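A.B. asks: Have a look at the structure that comes next, please.
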Amino acid sequence: MDIYKELDEVYASGADVEAFLRERVAKAEDEAELIILYNELGSFLRGVSRFEESATAFEKAAELISETGDSVSLNFATTMNNLATTYRMMGDTANALKGYETSMAVYRALPETTPYLYAGVLNNLSALYLSEGKLKDAAEVSEETIRQLEQDASLSDELATAKTNLASIYIRLGETDKAASALDEALRIFESADTESAHYPAALNNSALLKAFAGDYAGAAEIWKQTLEKIGRVFGENADYAMTCRNLARSMKKTGDRENAKRYLSKTAELFEKIYGEDDPNTESVRTELIELLKG
């Protein structure tokens with residue numbers, strides 16, 4: 001039976017994915033099957049924030065690919081990209097950078113590499129630079145990501161998402177004109193699509209930030225209301241929903257609408273406690289902000 005089909009069935013049934021993968025690893029008949037299983041195990045473990053175990057699984061997959069003499073292949077490049085991303089999430093910047101550079105070098109050597117694949121590594125590298133506070137490096141790599149995606153008209157959603165990410169970097173750099181230009185293009189692509197992208201709220205959020213920075217708090221509030229509705233519909237009341245409530249509360253306060261500011265900030269406090277825990281610094285911070293608002 002096809003491994004991917006079996007795995008899809010395990011996920012769909014709600015069964016123990018890790019147990020399934022480890023059992024299949026123990027029974028694997030050849031290296032090709034083991035490589036697939038270790039890659040899938042690495043992805044699963046990263047998804048549940050068990051990063052060291054995830055890295056070990058990806059390392060085993062990469063080692064097996066190398067042993068079979070297939071280290072210049074899409075499979076190896078993809079595995080190294082995944083391994084590097086796990087390193088990045090572990091805070092191991094040096095190994096993450098090395099992994100991304102290896103992945104890109106292999107992709108560049110292969111004529112069958114698609115813009116989508118290469119842009120994926122670039123996007124991850126940009127995220128690494130961003131986490132290190134290297135904003136200009138992050139912007140340069142993000143710009144190259146966009147150039148790659150523009151080569152394939154079928155990647156419009158990915159292109160709009162990349163432009164949204166670039167706008168976020170420009171905002172942090174204080175280059176608001178460039179941020180606005182990137183956002184205008186992202187929003188145009190998102191809004192002309194046949195179906196609404198899950199990444200559309202991020203573009204709206206950045207648009208609201210720009211309005212707030214310009215002092216248009218009422219305009220920012222209207223966009224954050226839209227953002228809140230779209231996040232809630234797609235993802236539910238998650239961390240992004242909570243942060244949008246906080247942004248909306250702050251913009252409401254600036255417009256003098258203290259009642260709605262209190263309402264949205266109270267919702268933020270409720271969600272932060274649920275998401276981060278009662279004693280988390282994020283929760284304590286918003287609770288302090290709410291107390292100050294209630295005093296006014």
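A.B. asks: Describe numerically, in nm with one decimal, the distance between label points set 7 Å from Cα along Cα→Cβ at Thr195 and at Leu173.
C.D. replies: Modelled inter-label distance: 3.4 nm.
A.B. asks: Working out 0.36 nm times the residue gap between Ser131 and Ala214, then minus their Cα-Cα distance, what length gain in nm do you get to one decimal?
C.D. replies: 27.3 nm
A.B. asks: Under the definition of Cα pairs under 8 Å and six or more residues apart, what whole-number percent is the relative contact order of segment 3-220?
C.D. replies: Dividing the mean separation by the residue count of segment 3-220 yields 10 percent.
A.B. asks: Got the relative contact order for segment 173-243 handy, in percent, Cα pairs under 8 Å and 6 or more residues apart?
C.D. replies: Reported relative contact order: 24 percent.
A.B. asks: Working from Cα positions, state the angle (0 to 90°, nearest 10) between the long axis of helix 93-109 and the longest principal axis of the chain.
C.D. replies: Approximately 60 degrees, to the nearest ten.
A.B. asks: What is the dipole size for segment 221-296, taken about its Cα centre, with +1 at each Lys and Arg Cβ and -1 at each Asp and Glu Cβ, in debye to the nearest 20?
C.D. replies: 400 debye
A.B. asks: Further, regarding this structure: Among all the lysines, which ones have a C-alpha under 26 Å from Lys225's C-alpha, if same-chain residues fewer than 8 places away are not counted?
C.D. replies: Straight-line reach from Lys225, under 26 Å: Lys163, Lys178, Lys211, Lys253, Lys254, Lys262, Lys267, Lys274, Lys295.
A.B. asks: Using label points projected 7 Å from each Cα along Cα→Cβ, tell me how many nm separate Asp184 and Arg263, to one decimal.
C.D. replies: Modelled inter-label distance: 3.4 nm.
A.B. asks: Which one, Tyr276, Ala239, Trp224, projects farthest toward the positive side of the charge dipole computed for segment 197-296 from Cβ point charges (K/R +1, D/E -1)?
C.D. replies: Trp224
A.B. asks: Right, something else. On a 0 to 90 degree scale, rounded to 10, what angle separates helix 217-235 from the longest Cα axis of the chain?
C.D. replies: Here the helix axis deviates by roughly 40 degrees.
A.B. asks: Now for a separate question. Note down the magnitude of the dipole of segment 3-220 about its Cα centre, charges +1 on Lys and Arg C-beta and -1 on Asp and Glu C-beta and zero elsewhere, to the nearest 20 debye.
C.D. replies: 720 debye
A.B. asks: For q values of 0.18 Å⁻¹, compute log₁₀ I(q)/I(0) with the Debye formula on a Cα-only model of segment 1-126, without solvent.
C.D. replies: The calculated log intensity ratios at q = 0.18 Å⁻¹ are -0.98.
A.B. asks: Applying 1/(1 + (r/R0)^6) with R0 = 30 Å to the Cβ-Cβ distance of Glu270 and Glu140, what FRET efficiency is obtained, to the nearest 0.05?
C.D. replies: Once rounded, the FRET efficiency stands at 0.15.
A.B. asks: Any idea what angle helix 74-90 forms with the longest principal axis of the chain, computed on alpha-carbon atoms, 0 to 90 degrees, nearest 10?
C.D. replies: Here the helix axis deviates by roughly 50 degrees.
A.B. asks: May I ask which residue of Leu155, Gly91, Leu294 lies farthest towards the positive end of the charge dipole of the chain, with charges of +1 (Lys, Arg) and -1 (Asp, Glu) on Cβ and the Cα centre as origin?
C.D. replies: Ranked along the dipole, the leading option is Leu294.
A.B. asks: Shifting gears a bit: Over all directions, what mean area does the Cα convex hull of the chain project, stated in square nanometres?
C.D. replies: 17.7 nm²
A.B. asks: What does the charge count near Ala167 come to, summing +1 for each Lys or Arg and -1 for each Asp or Glu among other residues with Cβ under 14 Å from its Cβ?
C.D. replies: Summing Lys/Arg as +1 and Asp/Glu as -1 gives 0.
A.B. asks: Provide, as a two-decimal number, the C-alpha radius of gyration of segment 221-296 over 2.2 N^0.38 Å, N being how many residues it has.
C.D. replies: Rounded to two decimals, the normalised Rg is 1.04.
A.B. asks: Using the basic label-point model (7 angstrom from Cα toward the beta carbon), what is the Gln151 to Ser13 distance in nanometres?
C.D. replies: Computed distance between label sites Gln151 and Ser13 equals 4.2 nm.
A.B. asks: Something else now. Using the Cα centre of the chain as origin and beta-carbon charges of +1 (Lys, Arg) and -1 (Asp, Glu), tell me which of Thr114, Gly215, Gly42 is placed farthest towards the positive end of the dipole.
C.D. replies: Among Thr114, Gly215, Gly42, the one farthest towards the positive end of the dipole of the chain is Gly215.
Any read-out appearing in this document is the output of simple, stated calculations on the displayed coordinates, not a laboratory observation. These figures come from a predicted structure and were not determined experimentally. Neighbour counts run over all protein chains shown; Cβ positions are idealised from the backbone, glycine included.
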